[in-house]
Structures are given as C-alpha cells and as structure tokens.
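Written below as structure tokens is the structure these notes are about.
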Amino acid sequence: MILIRHLYIGVDDTDSPDGMCTTYLASQIINRFAESGIELIGYPRLIRLNPFARHKTRGNGGVALEILNDSKASIAKKIVLEEVEKLSMFDCDNTNPGVIFYEGEITPEMEDYAFRAIHEFITIEEAEEFGKSVGCEIHKFKKGRGIIGAIASISLPLDDCTYELLAYRAPENFGTERKIDHDSVYEMDEKTFPDTFENIDYSEGYIAIEPKTPCPVLYGIRSNVPEVLKEARDIVKVGEPIDDWCIFKTNQHTDMHIQNASKISDMKQFGCYCVCGEVKNKPTIIDGGHMFFYITDESGEIECGAYEPTKTFRKTVSYLRPGDVIRVYGGIGEQNTFNVEKFQVIRLNDVEYKNPMCECGKRMTSAGKNKGFKCKKCGNRIESNEKIPVGVERDLENGRFYETPVSARRHLSKPLCRMDLTC
Ligand code: ATP
C-alpha cells in the first residue's frame, strides 16, 4: 500500500495597515488550486498568535492549508509562492512574508512550538532553526518574519475551535466605504445567534462584522459551527459585489492565549493569564477614561486596567470594592498593567462595619479614640468600641462572569456565550 502523506502550507505576514489580508491571499491561492484540480483537506485555518507580538499589524493572524502530497504538490507550491510574490504589501517595512511547506504528520514538538507562538515571543532565527529541525521547507521574503506564524499556523492543535466566513470585496472597491445594510446584520444576528456570535455590539450600536481598515474583507461572520455560516451570509444584504468568500477554521474566541497562573508573582509582562486575587482598592478612573485598581495575593499585587475602549465594562468594574475576591482574565501589557478582558466573582465582600445605632434610631458617632460611641441626638453613650457588621447591597453576583463588550474583544478572547458556565 502506498501511503500518500499530506502537505501542510503555512503563510504569514503579507499585509500592512494600508491593505491586504493574509486570508484574502489564501482565498486567491485556494481558487487557483481549484483551477488546477487541487483540493484542500478540511477547512483552511486562520490562527491567531501572541496578541503582544511586536510586529503585528492588527490581529496577528497566520493561515494554513492542507492538501495531499501527491503529483500536484509541486504545482501547489508554485502557486503559493507566486501569489505571495504578487499580493504581499512589500513596500511596508513591517511586512516580511514567510511561507512554510511541511510534508508528514504534525509532531508533539510542533504543537508545543505553536503554543509557544501564542504565549511567548519567538525570533525569526529560532523559528528558522526549529522549522529546519522538523523538516520544513522554508521561504523567507525580505526578513521573512512570517515564518514564525506560518509554522505555528500549520502546527496548532484545534481541540476547541470556531469558524469565520470572510466575504471579500471586488478589488476596485478596496479602501472605499463598505456598503453593508446594517438592518440585515441585526436580522442575521437575531436568526443565527448563538451559533454565530460577535456580530453586533448592542451596547455601542457597533456592527462588529464590518472591519474598519482598508483591507479586502467586506465582512466576517464568526460561528461555533460552519453549517450556519451560509445561512447567515444569505441574510446579510450588501450594496456592492462580493468577489469571493471563504470559511476558515480558527482558534479565535477559544482563550488559547490564557495561561493559568497559580499566583500573581508567577505572571510575566506580555503574557496572558487568568489569576485570582483580592481587590485592594476602589477602582478609580483617570484622565483619558481608563479605570484602574489593584488585586493582591500572598505573592504580591498587580495593577489591573479596564481601558477607555472597554466602554460599559468600566461601569461594571466600578462596582468592585476592596475585599472582593475575583479571577481576572487578560494580559500584561507595555505599562506592566493587567489588561482585564473578563473577570469572575469568586467571593463578594458584602459586609461593611458601621457605628452602632442608638436606641433612638440615630446612628451613633465616635466619642473619641477608645471612648466608645455617643448619640448626637439624645446624648446616649456606650463604652464598647466595636463597630457593627452591616450587609451591603451589591450590583455584582457571586460566581458570575463579567466581560468587555464585543467592540473591545480580542480575537482570542472567549466570550461568555461560548463558556460552559456549568463546569
Ligand atoms: P492580520 O493578518 O490578522 O491582520 P497581523 O497583520 O496583525 O495579522 P501579521 O501580519 O501576521 O499580523 O504580523 C505578525 C508578525 O508577527 C508575523 O511576522 C508573525 O510571524 C510574527 N509572530 C507571530 N507570533 C509571534 C511570536 N509569538 N513571537 C514573535 N513574532 C510572532
């Protein structure tokens, strides 16, 4: 029996803030594959990597394709390299495409590499050395930084995954205002949520399927199951031609970037974690609209931030009070502040200590240090210095998760509608 192995193709770093999108390039490659009778195995993949990678343009996404490694493999490689040459934004200093071809099975060490590309920084040299050691055929354009993400995109196991249907614009419309009937997006959301999600930010009236950059994407609809995406696409009305569309299997909204930290001091800058801590101070808002507070545990403390773009989330954060125990999810950024994506209330501090009430119904005041309390109304005095515990009405609930709105969500962040809240 002849065993025909698979050919994995990884591509990354072809776009710039002025245009292009590596998924668009992938869809062009897939079209040319079809013309040559080359079929994909499974869905093309869109893999989001370290949200803090320094050279990302937007979402730090690489793509991967899988085909049979048969007599057409050499045609496939030629097509991929031609399309990367043709469509990459080479004029941009920060665009350094990388292409990887890999024949064979994905090994556990490749899977580990992929998780490292989500959790840590990897240098081009490190990626090249690793790629060579596992037998990748490596193609670097300019500095070739894209090989870092390209190797990770073919290697990442997708035990949890989502899907995204991307509709592409006709090239003559690139960079112009998108013509999407927003009412139809509301209708699509109503009919297909929660199978599709992240379509609209209702708190901001923001249409999240519509990119705000001059890239070739007209819209992207995200889902848990691929089957619903064509129905969703048919509901969304647009006033311009859809040149092409493609469904990608992705690691978006899986929380794969989040690592469990057992204590605050275990976390490092530019890492993404979930960690438990006690709220130390009342969250306060500063100029620019960012809100900050500290959490502490026996190992140390860290400043947590709900930044201005998280909009209504800041209101929720403002309900926290010292003594609350919460688990925060997010990443430690440039300023060494933990950028909160969501939090779970573990234990609310719903008690405060007040001066005792006088028999006459008035709250007593201090009679001086260690001199008990006195009533200003009737002159009554008590000797005890002990304050009385009183229940506090809270706007948060024990056990519940609270998250940033759709408009401020990271590609990798798992929204609550995807979380199994029973476990
Ligand atoms: P998108 O196409 O979604 O807009 P992007 O444009 O933000 O993504 P890329 O163009 O892919 O991002 O650029 C990100 C660069 O960072 C790529 O060269 C990629 O190889 C590299 N990269 C990815 N992960 C890491 C990592 N963990 N460490 C260092 N570099 C990384």
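Some notes on this structure:
- Here the range 143-265 is assigned +1 on the Cβ of each Lys and Arg and -1 on the Cβ of each Asp and Glu. Its dipole about the Cα centre then comes out at about 700 debye.
- Listed residues THR310, TYR43, TYR24: farthest to the positive end of the dipole of the chain (Cβ charges): THR310
- Integer Hz, Karplus 6.51/-1.76/1.60 couplings in order for the range 141-146, x for Gly and Pro: 10, 6, 6, x, 4, x
- Loop exposure criterion: GluC sites (Glu not before Pro), DSSP state outside H, G, I, E and B, at most 12 other Cβ atoms within 10 Å. Applied to the chain, the longest stretch between such sites is 178-297.
- The stretch between ALA34 and GLU298, if pulled fully straight at 0.36 nm per residue, gains 89.1 nm over its current Cα-Cα span.
- Each Lys and Arg Cβ is given +1 and each Asp and Glu Cβ -1; about its Cα centre, the range 205-356 then shows a dipole of about 320 debye.
- The fraction of Cα-Cα pairs per 10 angstrom bin, counted from 0 for the range 111-217, comes to 11, 28, 26, 25, 10, 0 percent, rounded to whole percents.
- In the elastic network of the chain, a GNM with C-alpha springs shorter than 10 Å, the most mobile of LEU218, LEU156, LEU40 is LEU40.
- Cα centroid separation, the range 216-260 to the range 154-207: 5 Å.
- Proportion of all alpha-carbon pairs of the range 342-389 beyond 13 Å (%): 58 percent
- The range 6-155: C-alpha gyration tensor shape, a/c 1.5 cut-off, then a/b vs b/c: oblate
- Most mobile listed residue (ARG321, ARG410, ARG381) in the chain, GNM with C-alpha springs under 10 Å: ARG381
- Separation of the alpha carbons by more than 28 angstrom is noted, of LYS230/LYS342; LYS212/LYS342; LYS142/LYS311, for LYS230/LYS342; LYS142/LYS311.
- Calculated [222 nm] ellipticity per residue, helices only, for the chain: -6500 deg cm²/dmol; basis is -39500 (n - 2.57) per DSSP H run with n ≥ 4, divided by all residues, nearest 500.
- Checking the Cα-Cα distances for LYS280/LYS374; LYS77/LYS179; LYS282/LYS387 against a 27 Å cut-off, the pairs over it are LYS280/LYS374; LYS77/LYS179.
- Listed residues CYS378, CYS92, CYS136, most fluctuating in the chain (Gaussian network, C-alpha, under 10 Å): CYS378
- Phi-based couplings in Hz for the range 165-180 (Karplus 6.51, -1.76, 1.60; Gly and Pro marked x): 8, 10, 9, 10, 7, 5, x, 5, 9, 3, x, 8, 5, 6, 10, 10
Each reported figure results from applying straightforward, stated rules to the coordinates on display, with no laboratory input. What you are looking at is a predicted structure, and each value in this text was computed from that prediction instead of being measured. For neighbour counting, all protein chains shown are included, and Cβ atoms are generated from backbone atoms with ideal geometry for every residue, glycine included.
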